Amino acid sequence: MFVRGDLKQSGDEAHRAYQRFRDSEPEWAWKFRILEAESLLWRGMYSEVLTLLSSSPAQPNNPGLTIGTLALQGAAHARLHHFAEAEQRLGQAEQLCTVPKDAACGKVASARGVLAVQQGQLGVARQFFEQALGLARAAGDHLLEATALLNLGLVSLRQQHFDEAIDRTKAADQASSALQARNIAQVAQGNLGWAYYNLGDSERSLQLSLEAEGHAVELANVIDQLSWLTNAGYVYADLHDFAHAKQSYLEALALAQKIGAKEDVYNALRALALVSVESGELEEANKYSDQAMEIAHADHNRLGELYPLLVKGRIAVRLRDREKAERILREVEQDPNGNAALRWKAEHALAQLHEAEDLPELADREYRIALTTFEAARSQLRRYDSRLPFSSNASRIYDDYVHFLVARGRPSEALRWADYSRARALLEGLTLLPKGASVAPAALDAQAIARRANGTILFYWLGQQQSYLWTITPRKTNLAVLPAASEIETAVQRYRKSVTEPQGAFGGADDDGQLLYGMLVAPAQALLPKDAKVFVVPDGGLNNLNFETLIVSKPRLHYWIEDVTIASASSLRVLAASLAVKAKPTRGLLLVGDSIAPGPDYPELPKAAAQMDAVARHFPAEKERLFKREGATATAYLTSSPEKFTFIHFVAHGTASRMNPLDSAIVLSRSGADSDSFKLYARDIVGQPLRAKLVTISACYGTGTRSYSGEGLVGLSWAFLRAGAHNVIAALWEVSDASTEKLMDRLYEELGKGKPPDVALRLAKLSLLRSETAFRKPFYWAPFQLYVGS
């Protein structure tokens, strides 16, 4: 029961067993007493652990039992911040640890690690947890092994080594699954939630934290319940739901105070201080930060002092106390015990202070320093899937800096910095932006890019206070101020809901379509020539909008696609890269689809065979390679040398994972015994270099459903772009099998005439729009968008 995580029940059963064996089998009785105490410890009932172990009759003269008892007492004292007592108990236990590979001594090392964590000595804690891991593996103690991995993940997390933290925590989770250890599993889940929060993935963090909290409640584990409450509160605060965040923190604080968990009391107070300053409750922020600093100071935990000290500095900024604010924030920034996040937040606050004091040169300097600190931290992340969400941590700094530059009459420089924040992970994958590059955006000749593209670029920036549109033509760049992001994105959500219905638009949603045209396009209208080629560089919620569907009212009511040819680009640098001369692939078409249904969730597409035939007939047989039915597998694609093909086309179902966008997949035929062998995952697509002129994903939600700050939608289309595809056509929403067959046939007919992909796709869409069938509605022709790559 204990291993499975049924802590209360295991403690109750151990108590009854202790009573039964107390007189007849003292050693067995004491083993059950230790188990009862350990159950209490894992539930966060630290005082009860000490009371239980001190109130029992004298324990038998057994070194192993004595070591176990002292380790439990040391861990309980450590969590209560009775550091001298913890040191004493663990010192006594270590003197008894004479057997090198004794698992009981592994628990002592683990308790030592807990003590070091509570004291803020993370490097020391890592050494002890590594020692515990080694002893656990030597003794074959799989529960201790899983616990040690979990603790090592926690240390990595606090040291802001997020990739390592995730790897360690997932390893602990896997070990817990083998043991069916539900308590370790829920801790791993909660710790992953906190890791993803720090990586900037708030949505994923909230889901994991709330699920972990529910599991902690089921297991009567108060200490973890309050931790996950605090985690969730941070996400609510990021969403500006300060009331909900504060409620979570107060609940966590009450639970922590009830069980005397000093570290958790500190964590809740620190969070309350932060949310109070965010919501403008400066008196409360000051009170909570004082209480948090008092705990950290008493424990000689300098890192713990820096977080509430940062709040103090931000309070001083709000009060326009320049001298105090600068003194405190410099202290946080320069303290060697701090970390990158503390530094960039202090530097950002200093920039805001100088801006408010009308000291533009100092403000400009601090913004750049803050961004340098952030980008240096980002460059330390090993994996691109970690770097994807991490950029959201600097979204406020970039937004404030762009706004600062525009307000001071420097729109070209604002555009340069805005573009620098875009498509970082995509560009790094294409080796167009070296990982770890310094924060010094190269000169950006936006008009030269427009000339080479022979079009007009609409570059959007959605800001918290106000948004911007740069209209870039071959001869001129114009800046227009737009409403705040919230107003624009609300209208986008309403309109998208309409156009994704088969009967939507031009029937009840005209107002939103026209409203968005007025907001987003009208400011650029004077610079758009007749039949313009337009490259849209979207931001935020605009990634979910097909601009072709916007409604123009004059000279008649019509969709914007009738006036312009549109392509989407992630950034100006991505667009510039797409215009470079590249080596051409040697073969024509790679066509994959019409797969055998892998199960009832993905039935066969009635029109798949017809679409395959329609696409194939536009290429000579010797220039194409087809994989269909049982041959249409993920393995077939990955081993077909796709880098040799000019055109790649998939006819299949598609899945879009919101929580794990790189788990989005094209659904094909099964190729082996693995349960998911029928899925061609986005993460596998990324690893297969491409040179294709065009990749077409004729599937639902090929663009993905999750948008990352600065990166845009991440899913199948992003994966093909990062692999090197020059253009990708993918769908924003669910597509119709019948209309898609006709659309794709016309697309390849136009490509065969020599039309470029953007023009060919527009002509194919117009053929549906101007038909007398139901396919004239945007639901049928508008889901597919063209994305420009390298």
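Overview of results
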read-out: Cα lying deepest toward the dipole's positive end in the chain, options 388, 726, 369, charges on Cβ; value: 726
read-out: Helix axis angle, 83-96 relative to the chain longest principal axis, alpha carbon, degrees; value: 80
read-out: Accessible-area value, residue 693, 1.4 Å probe, nucleic acids and ligands omitted, Å²; value: 80
read-out: Residue 590 long-range amide H proximity, modeled H, under 5 Å; value: 625, 647, 648, 649
read-out: Residues whose placed amide H lies under 5 Å from that of residue 482, excluding near-sequence neighbours; value: 467, 468, 469
read-out: Highest to lowest packing among 737-749, 629-641, scored as the average C-beta count within 10 Å; value: 737-749, 629-641
read-out: Interchain or long-range residues, amide H under 5 Å from residue 784's placed H; value: 732
read-out: Total charge dipole magnitude, segment 620-773, about the Cα centre, Cβ charges on Lys, Arg, Asp, Glu only, Debye to nearest 20; value: 320
read-out: Label-to-label distance, nm, for residues given as residue 522 and residue 15 (7 Å Cα→Cβ offset); value: 7.1
read-out: Unit charges on C-beta of K, R, D, E only; dipole of the chain, Debye; value: 2560
read-out: Gain upon complete extension [residue 302, residue 321; 0.36 nm per residue less C-alpha separation]; value: 4.4 nm
read-out: Accessible area (Å², 1.4 Å probe, nearest 10) - residue 558; value: 10
read-out: For peptides 120-131, 39-50, sequence by mean Cβ density within 10 Å, most packed first; value: 39-50, 120-131
read-out: Gyration tensor (alpha-carbon) shape descriptor, segment 687-790, a/c threshold 1.5; value: oblate
read-out: Degrees between helix 46-55 axis and first principal axis of the chain (Cα, 0 to 90, nearest 10); value: 20
read-out: Subset of 246/312; 170/628; 533/777; 584/755; 8/262 violating a 28 Å alpha-carbon distance limit; value: 170/628
read-out: Dipole magnitude of segment 550-691 about its Cα centre (Cβ charges: Lys, Arg +1; Asp, Glu -1), debye to nearest 20; value: 540
read-out: Residue (of 675, 301, 603) at the positive-pole extreme of the chain, dipole from beta-carbon charges; value: 603
read-out: Antiparallel DSSP beta bridges within the chain, percent to nearest 5; value: 50
read-out: Segment residue 356-residue 486, extension gain: residue separation times 0.36 nm, minus the distance between their alpha carbons; value: 44.4 nm
read-out: Candidate aspartates and glutamates for bridging to residue 582, where Cα separation is under 17 Å - those fewer than 8 sequence places away on the same chain excluded; value: 643
read-out: For segment 402-407, 3J(HN,Hα) per residue [Karplus equation, 6.51 cos²θ - 1.76 cosθ + 1.60, θ = phi - 60°, Hz, x = Gly/Pro]; value: 4, 4, 4, 5, 5, 5
read-out: Relative contact order of the chain, pairs being alpha-carbon contacts under 8 Å that are 6 or more residues apart, as %; value: 7
read-out: Counting DSSP beta bridges with both ends in segment 432-583, the antiparallel % (nearest 5); value: 60
read-out: Probe 1.4 Å, all protein chains present, accessible-area order of 105, 97, largest first; value: 97, 105
read-out: Selection from 458, 114, 618 lying farthest towards where the dipole of the chain points positive, charges on Cβ; value: 618
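The values are calculated or read from the model by the stated rules, or taken from the named source; none is laboratory data. Note that the structure is a prediction, hence the values are computed from the model and not measured. Quick reminder, even Gly has a Cβ in these numbers, built from the backbone with ideal geometry, and neighbours come from all protein chains shown. We work out accessible area using only protein heavy atoms, side chains counted, and drop any ligands, DNA or RNA first. Shrake-Rupley method; radii C 1.70, N 1.55, O 1.52, S 1.80 Å.
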